[in-house]
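Every number here is computed from the coordinates shown, using simple stated rules; none is lab data. Bear in mind the structure is a predicted one, so any value in this text is a computation, not a measurement. No Cβ is skipped: glycine too gets one built from the backbone with ideal geometry, and neighbour counts run over all protein chains shown.
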Amino acid sequence: MKVLLIEDDHFKQELVEQALRELRPGVDLTVGRSVQQAVRLLAADQYDMIVLDISLPSHESRPGGSQPISQPSGGVEVLLELSYEGRSDRVLIVTQYPDIEYNGRLYPLNRFSQAVSASVSVSIVDVIYFNAQDNAWRDRFRKAFNEAG
Amino acid sequence: MHNTAASMLRDITSERARNLVRGFLSPNSETVARRTMENLRRECSFGDALVAFRFLRDSPLANHIPKADPFPNELSEVEPVPFYGGSRFEIEVAAQAVRMELEAERLVDAIKLVGFLNKAILTRDGANVATVFAEYRARFGLSLMVAAKAISLRHSRFTGLRSSADYSEVLTPFLSPRRQVVTAALEDSIDPDRDYVRVRRSFLAFVREGRLKAQDAAIVADFLSPLEQYGFEADQRVQAFGRWGLLDTVAYLFRLRALLVRQGRTRDVAAVDAAIPAEVTAAWRSAFESIDLNVLQEFVGKKSQFFDRVLFSHLPAWSECPALHDHRMRVEWAIGPRLDGNFPVSRRVASTFALPKPAVIDLLGTGPLKASLGDVDLRSCGAFHRTIALIASLEAGAIEADDGEQLNLLLDQTLDVANMLSLDELKAFLPSRRDDELYEYLRAALINDVESSKVSNHALRRALQRVVRERFDGDIVKLLGHVDSENGHVSNHLYYLCTESFLTELYELYEQADEVTEAQPRILEWRGERRNDADALLRAKSHRLNLRLRKVRGAIEVTRIYVDPLRFIQWIEDDVGGDLRAIVSLADEIVADPDTSVSLRDPVRTALQPRYRLLKLLDNCYSEFCTNKIYGVTSFIGRRIRHGTLYGHLVLELRPEIDCAIKECRASAPRFAEFLANWLFRFDAAVQAMAADRIHVRSKEKPKGLIVATLDDPDKAAVAKLMLGEVALSMRDRSLLAHSYSIIHEYCWILFEVDLKRTREAFEVLRREFVIGVDQHRCTDIPELDQRITERIRALNSNVQHRFDIVRSWLTRPTSVSPSASVALLFEAVLDEVRQRYVSFKPKLNVSGAEDIDLIGHRFHFFYDALYILVDNAGKHGEVQGQLRVEVTSRSAEGKYVDLTVSIVSDLVTGKEDGAKSRIEDAMNAEIGDAMVSHGNTGIRKLRGLVADVDEIKGFKHAYDGNAVVFTIHMRYLKS
């Protein structure tokens, strides 16, 4: 299974990656840490599942370089790219925020998928609230992968 | 009742009408009088109306009823005149006929005087214009029509005429103490610094939403969109204009007559003709029949390709001329609903103004621009008429652009295409063509202008990146150059599109954040050079220097709350600069305005009054300062405090201590252990709630947010007033707006301190809520245990307090909010750059004195330039491995200044000292002349130019010390 993980937080990345390897030990995993990398990796390949954080830096940080810009809804760029290219890669959103901004409005996670699908054609499997303190996200993460086959 | 009055009343044939007049005369309440007059207007015949209105005009019994003065002197005489909301057309015309019949002679004189005024204005006879304005005011009082002339003059292209022709007498009553809404709508729609379509739509929205008094709304609607109803039929408009002086009434009646003729309403035309005295009609025709279009076009300006739209916006001030009015009505009929933004359009008749064409090539201009009122000549017409021709062609059916280059030409020669078409019309006009990158980019840009969504913005970015990559070597500046033309319409659009946030999201084009940062100054430099835009060049310089300093610093500054001044000021320039420039001329008025309110709740007042217009712009700035997703303060709070850090610092790092205490007390003091577990549970939830609900900008979604991103906040009123005053003063006194931008930036921090204080207080309240009382947990029978618990509680309270102190320290303003750099850092950045030019330049460095002194704000750019010139000279002409010494001294002067002296000492090349000294002497003694723009010399002349031009650089001298040259720069600036 080919999975693209877009995540800038190392701690969260480790936990998500661990959960993923438990579910799919032979997973072919690629990791991107910024919106720019996500766009580049999408152009390079297709994926069975994209595990997507929403709040991301615009670019990778370099010492002494210009500071990348934080994009609170940067992950939405991935959805727009997929829709623009007419691709059907499945997307599982895993975020630490309770809401996501789209077209100037904040949507609670349980309503985001519906809101975005009015204007974007993209296959969102689930939108999960990540809280390292409890395991609820793991259950939904597992369920999403199991249902995806 | 008086006998004459009784006999007059008897001439009213209807008894009901007679009784209504009698009822109206009785001293009833205002409501009853109003209802009676409405009934009279609704029920009586035309003949009875004439008698009744004459009676009300002449009878002493009706003296107590407020009536419209034929020639009012002040606005206060117009305002009390009742507006009944109309009745029937012929009744309202009868009312005006009665007003005019006794004043025809005076009205004729007024008309003749306005005829002279027109001639004086159009022949640019400033002295005569001033005389006629003053004479009109003295003899005939106030008039909307005459005020409109003054407004047209105020925005004409003849600055000499504007200053010599004093029009204040006729305009001031409409501006002071408050802008009157009708003249404000007129002025804003004519003002070339304001977007005509936006102004028109804003005022019409006020009309539509019932935000204006009906009598004003009827006139505003008529001036801006004369063919659309907006709830006001002709009878209401007659009555609304009838509240003003007779000149304005008759001006409207002539416009109305033209409309009625066009509509074939012959009976109504006859009623208007009968209402206007014959001598008035004759005088009107004689005075206004022959205004020369070319002269008027010359007056309003004809150089720009938008000359026809400029003329169109002035036409309400010249509507007495039948040919000009007819021209305006033809445009209004053709595209009025589109100008108003009423989509889908109710009529598709643009072809009545300009003939449709089958292909874009037929729409393009070829010859020199020429004004015309007749058929549109596409070879020479301006962008406005060409846009109407484009609309006519689209309404007529399929029309296509051959390719992107042709579309680019078309967009360059038209205007507001995205505003004038619906999305469906646009998509039908421009079907997708994947094989033409430029076409796709222009198409996506137009769609994004209409739609403005994430999807359209993404599509635009994709299209733009594709054309830049595939046709312009990945260089956006090359595309800017390619789409640029004499008009600069398309390139301006692209320039304004390329904000930092937009460039950041061009992920295919810019793989690193550095590339985005590099693209910005290049775009600004292009703009600066191409458009001679000094502000753009200055900002480019700031960006470049910032980049260099960042490389030298080598690390990102770690401040918890920070707003990048460059980014914020760039935003002000891009998003607010145009509107600020538009009110620079009103700065005097704002400074003098005695009003002190900072409430923005009345949108009409905010649109009309200069003080509130500025306040609204400052409010936009503060909102952006707080909420910008990239550099706004709350984005920093979100990233660095709210998200994870706060919870980690207050809860996660505290948890081990609590867990340890629970474990320790579980057996000996189980109730205390249970209390602690509950305490931690509640504290955890409270901190999470603080992060989730409170450390946010207050909004519908976050009503408990502690940051109120507006000036309209009682806690900020005092600061907001000061801010407004200082910004207005700076706009009045300084030629460059850059100074005002700096003031806005600094005040945003002072405003934000109010929100920070509120947030810090909320944290203090939270802390107090979780202070654990020592007495509550004493187990009186075991003193040792009590002692241990007491110590534990004290330690815990102290730890919690310490943690909250740290959180509060995060919520403080950084010590320096302006861009700053130390002399040493600037020197290092200069040296780094010079070494790249002269690789063998390896001087022996020695920096001494007050090298750590920080230069703050814009002054360090000047100092950088000066330093660069001197070090570059050392690299180019000096001893490459000689000494390079920098000595810095700083001292306080006159209490409020800092005197900074920097000496740069460099060795001259051994054996060539005489030549070098001679060159230096020549440069130090030569005329400065064009030093600031010429290149290729030592740069010392340029540095002397800086000393002359930049206030803060006070002196520049040189001396020799053995075979070394010593240059000394002296700066004096205000202490920060």
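Sort all Cα-Cα distances of the protein assembly as shown into consecutive 10 angstrom bins from zero, then give the percent of pairs in each bin up to the one containing the longest distance.
For the protein assembly as shown, the binned pair fractions read 2, 8, 14, 17, 17, 16, 12, 8, 4, 2, 1, 0 percent.
Place +1 on the Cβ of every Lys and Arg and -1 on the Cβ of every Asp and Glu in the protein assembly as shown, take the dipole about the Cα centre, and give the residue among A:Leu42, B:Ala689, B:Ser730 whose Cα lies farthest towards its positive end.
So the residue furthest toward the plus end is B:Ala689.
With charges set only on the Cβ (+1 for Lys and Arg, -1 for Asp and Glu), what does the dipole of the range B:716-819 come to about its Cα centre, in debye to the nearest 20? Intermediate values should be presented prior to the final figure.
On the way: 16 positive and 14 negative charges, 71 e Å.
The calculation lands at about 340 debye.
How shielded is A:68-80 by partner chains, expressed as the average number of their Cβ atoms within 10 Å of its Cβ atoms?
Details: counts 6, 13, 9, 6, 6, 2, 4, 0, 2, 5, 0, 3, 7.
Mean partner-chain Cβ count within 10 Å for A:68-80: 5.
Could you grab the relative contact order for the range A:99-149? Cα pairs under 8 Å, six or more apart, rounded to a whole percent. Before the final figure, lay out each step's value.
Working: 30 pairs, mean separation 12.0, N = 51.
Relative contact order, the range A:99-149: 23 percent.
Round to the nearest 10 and give me the degree value, 0 to 90, for the angle of helix B:246-263's Cα axis relative to the longest principal axis of chain B.
80 degrees
Restricting to Cα pairs below 8 Å that are 6+ residues apart, what does the relative contact order work out to for chain A? Please round to a whole percent. Kindly include the intermediate steps, with their values, before the conclusion.
Working: 245 pairs, mean separation 30.2, N = 149.
Relative contact order for chain A comes out at 20 percent.
For B:Asp436, enumerate residues with amide H under 5 Å from its amide H, sequence gap 5+ or separate chain, H modeled in the peptide plane.
Residues meeting the amide H criterion: none.
Roughly what angle does helix B:15-25 make with the longest principal axis of chain B, taking Cα atoms, 0 to 90 degrees, to the nearest 10?
50 degrees
Using amide H atoms built in the peptide plane, which far-off residues or other-chain residues are under 5 Å from B:Leu908 H to H?
B:Glu879, B:Ala964, B:Val965
Treating only the Cβ atoms of Lys and Arg (+1) and Asp and Glu (-1) as charged, compute the dipole magnitude of the protein assembly as shown about its Cα centre; round to the nearest 20 debye. Could you put the intermediate results ahead of the total?
Numbers: 146 positive and 160 negative charges, 301 e Å.
Once rounded to the nearest 20, the dipole reads 1440 debye.
Determine the principal axes of the Cα atoms in the range B:682-806, then give the extent along each, sorted from largest to smallest and rounded to whole angstroms.
80, 28, 21
Taking every alpha carbon pair in the range A:19-81, what does the distance histogram look like in 10 angstrom bins from 0, in percent?
Answer for the range A:19-81: a P(r) of 20, 45, 28, 6 percent.
Tell me the mean residue ellipticity at 222 nm calculated for chain B from its helices only (DSSP H runs of n ≥ 4, each -39500 (n - 2.57), averaged over every residue, nearest 500).
On the way: 47 runs with 579 residues, N = 976.
The helix-only estimate for chain B comes to -18500 deg cm²/dmol at 222 nm.
Mind checking which of B:Ala134, B:Val774, B:Ala959 is farthest towards the positive end of chain B's charge dipole, using Cβ charges of +1 (Lys, Arg) and -1 (Asp, Glu) about the Cα centre?
Value computed over the given set: B:Val774.
Sort the range B:79-197 into rounded, prolate or oblate with this rule: let a ≥ b ≥ c be the square roots of the eigenvalues of the Cα gyration tensor; rounded if a/c is under 1.5, and if a/c is not under 1.5, prolate when a/b is larger than b/c, oblate otherwise. Please report the intermediate quantities before stating the final value.
Working: a/c = 2.20, a/b = 1.39, b/c = 1.58.
Cα axes put the range B:79-197 in the oblate bin.
Which of A:Gln13, A:Gln37, A:Gln133 ends up with the largest GNM mean-square fluctuation for chain A, with Cα atoms connected below 10 Å?
Greatest mean-square fluctuation among the candidates belongs to A:Gln133.
Could you give the size of the charge dipole of chain B about its Cα centre, using +1 on the Cβ of each K and R and -1 on the Cβ of each D and E, expressed in debye and rounded to the nearest 20? Intermediate results must be reported in sequence, preceding the final value.
Details: 131 positive and 139 negative charges, 285 e Å.
The calculated dipole for chain B is roughly 1360 debye.
On a C-alpha basis, how far is the centre of the range B:727-805 from the centre of the range A:67-94 in Å? Whole number, if you could?
Their Cα centres are 38 Å away from one another.
Sorted by average packing, counted as other Cβ atoms within 10 angstrom per residue and highest first, what order do B:911-923, B:238-250, B:489-501, B:410-422 take?
Values: B:911-923: 13.9, B:238-250: 26.0, B:489-501: 18.8, B:410-422: 20.8.
Packing proxy ranking, top to bottom: B:238-250, B:410-422, B:489-501, B:911-923.
I'd like to know how the range B:376-434 sits against the 2.2 N^0.38 Å rule of thumb: what's its Cα Rg over that expected value?
Details: Rg = 11.2 Å, N = 59, 2.2 N^0.38 = 10.4 Å.
Cα Rg divided by the expected 2.2 N^0.38 Å: 1.08.
To check my understanding: the extent here is largest minus smallest coordinate of the Cα atoms along each principal axis. What are those three numbers for chain B, in Å, largest first?
Per principal axis, max minus min of the Cα coordinates gives 108, 98, 65 Å.
In the structure displayed, which of B:Lys454/B:Lys629; B:Lys844/B:Lys912; A:Lys143/B:Lys704 lie more than 25 Å apart, Cα to Cα?
A:Lys143/B:Lys704
Rounded to whole Hz and in sequence order, give me ³J(HN,Hα) for the range B:953-962 from the Karplus expression 6.51 cos²θ - 1.76 cosθ + 1.60, θ = phi - 60°, writing x for Gly and Pro.
After applying 6.51 cos²θ - 1.76 cosθ + 1.60, I find 8, 9, x, 8, 9, 9, 7, 10, 10, x Hz.
Label the range B:468-600 by shape, choosing from rounded, prolate and oblate, from the square roots a ≥ b ≥ c of the eigenvalues of the Cα gyration tensor; if a/c is under 1.5 it is rounded, and otherwise prolate applies when a/b is larger than b/c, oblate when it is not.
Details: a/c = 2.30, a/b = 1.33, b/c = 1.73.
Oblate shape, in that a/c is at least 1.5 and b/c is the bigger or equal ratio.
Using alpha carbons only, how many degrees (0 to 90, rounded to 10) separate the axis of helix B:214-224 from the longest principal axis of chain B?
It works out to around 80 degrees.
Step through the table entries B:Lys112/B:Lys149; B:Lys67/B:Lys149; B:Lys616/B:Lys716, compare each Cα-Cα distance with 18 Å, and write down the pairs that go over it.
Over 18 Å Cα-Cα: B:Lys67/B:Lys149.
Between the range B:477-504 and the range B:71-146, what's the alpha-carbon centroid distance in Å?
Result: 48 Å between the Cα centres.
As a quick test, which of the pairs B:Lys370/B:Lys427; B:Lys478/B:Lys942; B:Lys896/B:Lys954; B:Lys876/B:Lys917 have an alpha carbon distance above 22 angstrom in this structure? All intermediate terms of the calculation are to be shown ahead of the outcome.
On the way: B:Lys370/B:Lys427 32 Å; B:Lys478/B:Lys942 30 Å; B:Lys896/B:Lys954 16 Å; B:Lys876/B:Lys917 14 Å.
Checking Cα-Cα distances, B:Lys370/B:Lys427; B:Lys478/B:Lys942 exceed 22 Å.
Could you tell me which residue out of B:Tyr973, B:Cys748, B:Thr366 lies farthest along the dipole of the protein assembly as shown toward its positive end? Charges go on the beta carbon: Lys and Arg +1, Asp and Glu -1, centred on the Cα centre.
Going by the Cα projections, it comes out as B:Cys748.
Kindly write out, for the range B:367-380 in residue order, the coupling ³J(HN,Hα) from the Karplus curve 6.51 cos²θ - 1.76 cosθ + 1.60 (θ = phi - 60°), rounded to whole Hz, with x marking Gly and Pro.
Computed from phi, the couplings for the range B:367-380 are x, x, 5, 8, 6, 8, 9, x, 4, 6, 9, 5, 5, 10 Hz.
Hey, what did the range B:238-364 get for relative contact order, percent, Cα under 8 Å, at least 6 apart?
Working: 68 pairs, mean separation 19.6, N = 127.
Reported relative contact order: 15 percent.
Could you list the square roots of 5 times each eigenvalue of the Cα gyration tensor of the range B:247-292, that is, the equivalent ellipsoid semi-axes, sorted largest first and rounded to whole Å?
Details: eigenvalues 67, 33, 17 Å².
In descending order, the three semi-axes are 18, 13, 9 Å.
How large is ³J(HN,Hα) for each residue in the range B:483-489, as worked out from phi by the Karplus curve 6.51 cos²θ - 1.76 cosθ + 1.60 (θ = phi - 60°), to whole Hz, x for Gly and Pro?
7, 6, 8, 4, 6, x, 5
Which log10 I(q)/I(0) values does the range B:250-328 give at q = 0.16, 0.23, 0.27 Å⁻¹ under the Debye formula, counting every alpha carbon as one identical point scatterer?
-0.65, -1.05, -1.27
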